[in-house]
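Accompanying notes for the structure given below.
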Amino acid sequence: MTTLRADGSPHNTVIWVDSVGGELVFNTARGRAKERHLLADARVSVVTIDEGDFHRWLTVDGRAELVDEGADEHIDALAIRYDGPGAARISGRGQARVIVRVIADRVEHEGLDYPIKKEI
């Protein structure tokens, strides 16, 4: 995932990604660089690659909308998805969480078997 720093330079971070209602979402803690950057400039880009076939990938460029509601439950669900059923809870560690919803301006992909618009 890429955001833009105050000086315009890119800031890349590995994230856990999710899809809710056909939209790409991820989760972060309030106060982290991702959130600070997105509050200053909502432009974001996310790339995901199929670990079993690196020729299958998806890129979503768009604008971020930050949503507090359900963020604690969402990060715990992501922990289970990525770390397995025994994953430790991430919520409740004293950090306010936020869901980042990506409103897509452009979608590009390669090697996917299901229909996704190349540009929105």
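Data table
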read-out: In segment 44-61, the residues that are part of a strand (DSSP E or B), among the acidic types (Asp, Glu) and within 29 Å of Arg89 (Cβ to Cβ); value: Asp50
read-out: First in segment 1-12 and closer than 15 Å to Val102 by Cβ, second anywhere and part of a loop (DSSP other than H, G, I, E, B) and at pLDDT 95 or above, Cβ under 6 Å, 6 or more apart; value: Met1/Thr13; Met1/Ile15; Leu4/Asp41
read-out: Filter result (in a strand (DSSP E or B) and in contact with a Lys or Arg (Cβ under 7 Å, 6 or more places away or on another chain)) within segment 21-43; value: Glu23, Val25, Asn27, Thr28, Ala29, Arg43
read-out: Some residue of segment 67-76 being in a strand (DSSP E or B) and of a type in the set (A, V, I, L, M, F, W, C); value: yes
read-out: Selected residue [of a type in the set (Val, Ile, Thr), within 30 Å of Gly111 (Cα to Cα), part of a loop (DSSP other than H, G, I, E, B) and modelled with pLDDT of 95 or more] from Ile15, Ile99; value: Ile15
read-out: Residue check, Glu65 at pLDDT 95 or above and under 16 Å from the mean Cα position of the chain (by Cα); value: yes
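Condition check ((1) out of contact with any Lys or Arg (no Cβ under 9 Å at 6 or more places or on another chain); (2) without any contact (Cβ under 8 Å) to a residue 12 or more places away in the chain) across all residues:
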site	(1), (2)
Trp57	yes, no
Gly84	yes, yes
Ala87	no, yes
Ser91	no, no
Val98	no, no
Arg101	yes, no
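The values are calculated or read from the model by the stated rules, or taken from the named source; none is laboratory data. This is a predicted model, so every value here is computed, not measured. With ideal geometry, Cβ positions are generated from the backbone for all residues, glycine too; neighbour counts draw on all protein chains shown.
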